[in-house]
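The values are calculated or read from the model by the stated rules, or taken from the named source; none is laboratory data. Computed from a predicted model, the values in this text were never measured in an experiment. Backbone-built Cβ (ideal geometry, glycine too); neighbour counts: all protein chains shown. Ligands, DNA and RNA are excluded from the accessible area calculation, which covers all protein heavy atoms including side chains. Shrake-Rupley method; radii C 1.70, N 1.55, O 1.52, S 1.80 Å.
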Amino acid sequence: SGHLRMPTTALPVRFSFPEAHPIMWATCEFQEKNRKDKIGTCEKLLSQWLPALGLGNGNGTMAERSERQGIGKALAPPRMAHDIKYDPSVEYVCFPWAVAGIGMLSDHCTKLHGWDEPDFFLSTVCNYGKGGDFAALRNTMVRNLLPDLADGRKIVTTTGSTPNERVKREILVQLPPRVRRRMIFLIMSSTDGIRSLRLVQEIATAAERFPQWEVVVLNAPGRLTAAEQAYLTATSAVWVSACGGAAASAMLMPRGASVILFHGKSNRRRGAQLPAYLDWDAFSHMSHVNLIWLASPKMVNDRSAALSRFMEVLTTEVERLEAFMSFE
């Protein structure tokens, strides 16, 4: 690591040697090289979420928005670092093997993102001491996204795990946002069978035990805009889902909120059935939320015992939140 020195500031830099890792993880180049079925998805997601970083309004392609924002070649294909000349008119510069500023945060850096035991070794931890940076990133994203919402607007959420079960529900936007007694259950969020959860019993039991709490069940958060996802998450106090990419929105939960993630298992190393704490490196270093890992209900033979354990955890968290969090 080092620093990229600019005229007025110094930014932390994460660098990956090209000989070891020709393409950085979590980039469009990585997706296009390794996931042919995902070509085009990367730019769509970036176009949706770039407004969270203060770039554009979520409309148009990245190139169109970068031109409107006057950031020159910020989103153009990266050039070799030694070919880059200082240009005061260009606010952002892309490096092929390095990221600076907010880009120093990563879900798993160059590891296998929680599938293998070495991913949890202290020597490979890459987000140690960055809890404050995650919180700052969260606050920046929410602050940039919420102005896209109008007071009194209705957010339509969809619940149910099949088309025949889908039920539409409207949530009223009230600004300025305030944390509410609301639990979010994200279901069917993974194609991995052991993490493809409907959580029917967990949802029903939680709603019955905590009648003063609103229980929101999400099946397809991608149908919501980035601003809608940010509002719903930032005004809720409990998040429950399987771990994995779809759980990334949990980072937008408010300070002190509870994030309960169900993990699966991995047998990628020597046939061992190891827990798969996906994105462990990021979630475990987010200091603004209280993170709890639980084994997927599909990993437990005694379904009743798994439900009891979940409700014990949820009850403890609700009691903590009632004692320390200020609700509207």
The stretch 183-201: number of residues that are at pLDDT 95 or above and surrounded by fewer than 22 Cβ atoms within 10 Å (Cβ to Cβ): 0
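If I filter the stretch 230-238 for residues that are farther than 21 Å from R143 by Cα and either surrounded by 17 or more Cβ atoms within 10 Å (Cβ to Cβ) or of a type outside the set (F, W, Y) (or both), do I get at least one hit?
First, the residues of the stretch 230-238 that are farther than 21 Å from R143 by Cα: none.
No, that holds for no residue.
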Pair list, Cβ < 7 Å and 6+ apart or interchain, from the stretch 169-188 residues that are among the basic types (K, R) to residues that are open to solvent by less than 10 Å² (accessible area, probe 1.4 Å) and assigned to a loop (DSSP other than H, G, I, E, B): R178/T235; R180/T235; R180/S236; R181/A237; R182/T235; R182/S236; R182/A237
Any hit, the stretch 115-133, residues being among the acidic types (D, E), at pLDDT below 85 and not in a helix (DSSP H, G or I): yes
Pick from the stretch 278-328, criterion of a type in the set (S, T, Y), open to solvent by 30 Å² or more (accessible area, probe 1.4 Å) and modelled with pLDDT under 95, ranking: nearest to G132 (Cα to Cα): S287
Condition met for G244 (surrounded by fewer than 19 Cβ atoms within 10 Å (Cβ to Cβ) and not basic (K, R)): no
A226, sole failed condition from (1) free of Cβ contacts under 8 Å to residues at least 40 places away in the same chain; (2) small (G, A, S); (3) open to solvent by less than 20 Å² (accessible area, probe 1.4 Å): (1)
The one condition in (1) in contact with a helix residue (DSSP H, G or I) (Cβ under 7 Å, 6 or more places away or on another chain); (2) open to solvent by 20 Å² or more (accessible area, probe 1.4 Å); (3) under 20 Å from V215 (Cβ atoms) that S258 fails to fulfil: (2)
